[in-house]
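Since the structure comes first, as structure tokens, the remarks are kept for the end.
The values are calculated or read from the model by the stated rules, or taken from the named source; none is laboratory data. This is a predicted model, so every value here is computed, not measured. So basically every Cβ, Gly included, is an ideal-geometry build from the backbone, and we count neighbours across all protein chains shown.
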Amino acid sequence: MLWWLQQANLPLPGQRLKPIKVSIRKRQGNHPAFSFLYYITMPMKRLNLYIWKVSGYFKDNRYTILLTAIFALFSIINAIRHEMWRDEIQAWLLARDSSTIFELFKNIKYEGHPGLWHLCLFPLSHIHPSPLLMKFFHLMLATATIYIFFRFSQFTRLQKTLFAFGYFPFYEYAAVSRSYALGVLLLFIFCVLFEKRFEKFLWIGFFLFLLAHVSVHYTIITIAIFLALAFEYLITKKENSFIGHSGNFKIIIGFSIILLGIITSIIQVKPPADSGYAVGWKMEFDLNHLRDVFSIISKSFFPLTQHTFDFWGSNYIDKLPPIGKFDTLTAVKLIISSFILLWATMIFLRNPATLFIVLSLNP
């Protein structure tokens with residue numbers, strides 16, 4: 001009896017029935033019906049596999065999707081209630097009133113910034129003249145930035161939530177339709193690629209090329225990143241033997257793309273001769289100017305905006321009163337800045353590229 005059960009591929013007492021896999025593809029040559037059944041069921045199998053992957057993604061990223069959706073919802077409410085400023089409308093009007101892209105770049109030569117943001121607004125403004133399109137496009141950029149931050153950053157959930165709903169990401173980079181959100185998005189994409197930078201250097205070059213054209217501030221950031229990556233590549237070239245000849249060629253192409261972006265950005269930023277704002281470059285050394293620039297570091301790490309009607313660009317550190325003839329404000333700023341630079345140096349000492357970026361961007 002047991003021998004008969006084994007020959008019939010049936011389970012023995014106490015054993016489970018093993019499923020028998022029947023390959024339709026192997027039997028499709030026996031009868032046309034099997035071939036027809038195979039081509040009918042394969043799309044359903046692929047659809048089920050896709051649904052399984054999507055459901056697994058939502059299950060693994062529930063916190064990211066939920067917080068990003070909440071951020072997008074409240075950002076829409078915040079943007080609807082926000083009355084656009086002159087700086088926001090300025091970029092929209094320049095894009096709307098330019099007939100061609102060449103005319104657009106001719107009109108923005110007095111802006112003092114590269115034209116990537118205006119170039120993004122150009123097709124939108126010609127679809128519909130209402131600046132509401134700029135608002136929703138800007139909200140898409142801000143939401144994508146927050147998603148990348150939640151999805152790929154190594155911070156805790158509490159830290160991510162506090163950052164996303166802080167003043168800068170939730171208001172200045174979401175409600176105010178300027179180029180800020182575009183720059184932060186490109187910068188966060190670079191941070192995601194930074195871990196495998198020399199393996200994906202063409203993508204690094206592409207995104208840094210775009211970053212250099214967001215604004216003059218991001219041009220400075222791109223220059224610092226370019227120098228840091230070049231320095232790291234030169235000192236670790238022998239250690240990264242796995243890159244190979246083709247990899248080195250791609251890295252050189254990536255550096256060329258970044259350098260091209262920096263050069264073309266500087267050409268756009270250079271003010272014309274008849275400009276009445278920010279004419280020329282300050283090249284001479286000035287100790288007072290260096291002190292003022294160095295003291296700004298404290299504001300970047302402590303962005304404590306004053307609760308006043310005219311709050312833009314304000315900081316609580318600026319309200320410190322002087323003690324007699326002693327300039328308390330400058331002294332506190334210099335102490336805080338020195339501590340921050342020392343602290344950053346100790347943290348990133350083992351990562352020369354990151355340390356170079358931090359030290360070159362802070363002053």
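Would you mention how many residues in the stretch 102-133 are within 20 Å of residue 260 (Cβ to Cβ) and among the β-branched types (Val, Ile, Thr)?
Summing the residues that are within 20 Å of residue 260 (Cβ to Cβ) and among the β-branched types (Val, Ile, Thr) in the stretch 102-133 gives 1.
Those residues that are in contact with a Lys or Arg (Cβ under 8 Å, 6 or more places away or on another chain) and either surrounded by 22 or more Cβ atoms within 10 Å (Cβ to Cβ) or modelled with pLDDT under 90 (or both), I need them from the stretch 190-215; list them, please.
Initial filter on the stretch 190-215 (in contact with a Lys or Arg (Cβ under 8 Å, 6 or more places away or on another chain)): 193, 201-202, 204.
Selection gives 201, 204.
For residue 157, only one of the following conditions fails: (1) within 18 Å of the chain's Cα centre (by Cα); (2) at pLDDT 90 or above. What is its number?
If we test residue 157 against (1) within 18 Å of the chain's Cα centre (by Cα); (2) at pLDDT 90 or above, just (1) comes out false.
Restricting the first residue to the stretch 173-199 and requiring it to be touching a residue at least 24 places away in the same chain (Cβ under 8 Å) and aliphatic (A, V, I, L, M), which pairs with a second residue that is surrounded by fewer than 19 Cβ atoms within 10 Å (Cβ to Cβ) and part of a loop (DSSP other than H, G, I, E, B) meet a Cβ separation below 8 Å and a spacing of at least six or different chains?
Final answer for the pair search is 175/82; 176/82; 176/85.
Of the residues that make up the stretch 142-165, is at least one within 14 Å of residue 92 (Cβ to Cβ) and out of contact with any Gly (no Cβ under 8 Å at 6 or more places or on another chain)?
From the stretch 142-165, those within 14 Å of residue 92 (Cβ to Cβ) are none; that's our starting set.
Looking through the stretch 142-165, none of the residues is within 14 Å of residue 92 (Cβ to Cβ) and out of contact with any Gly (no Cβ under 8 Å at 6 or more places or on another chain).
Residues being β-branched (Val, Ile, Thr) and touching a residue at least 24 places away in the same chain (Cβ under 8 Å): count how many of those fall in the stretch 343-357.
Taking the stretch 343-357 first, the residues β-branched (Val, Ile, Thr) are 345, 347, 354, 357.
When the remaining residues are screened for being touching a residue at least 24 places away in the same chain (Cβ under 8 Å), the result is 354, 357.
The number of residues fulfilling the criteria is 2.
Quick one: in the stretch 92-132, of everything that is part of a loop (DSSP other than H, G, I, E, B) and in contact (Cβ under 8 Å) with a residue 60 or more places away in the chain, which residue is farthest from residue 275 (Cα to Cα)? So that I can check it myself, show each step before the final result.
Taking the stretch 92-132 and keeping what is part of a loop (DSSP other than H, G, I, E, B), we get 97-100, 111-115, 128-131.
Subset that is in contact (Cβ under 8 Å) with a residue 60 or more places away in the chain: 112-115.
Details: 112: 10, 113: 13, 114: 16, 115: 17 Å.
The qualifying residue farthest from residue 275 (Cα to Cα) is 115.
Spot the failing condition for residue 82; the list is (1) more than 26 Å from the chain's Cα centre (by Cα); (2) at pLDDT below 90; (3) surrounded by 15 or more Cβ atoms within 10 Å (Cβ to Cβ), and only one is missed.
(1)
Of all residues being at pLDDT below 70 and of a type in the set (S, T, N, Q) in the stretch 327-363, which is surrounded by the fewest Cβ atoms within 10 Å (Cβ to Cβ)? Just the residue, please.
The qualifying residue surrounded by the fewest Cβ atoms within 10 Å (Cβ to Cβ) is 328.
Does residue 187 satisfy being at pLDDT 90 or above, touching a helix residue (DSSP H, G or I) at 6+ places or on another chain (Cβ under 6 Å) and part of a helix (DSSP H, G or I)?
no
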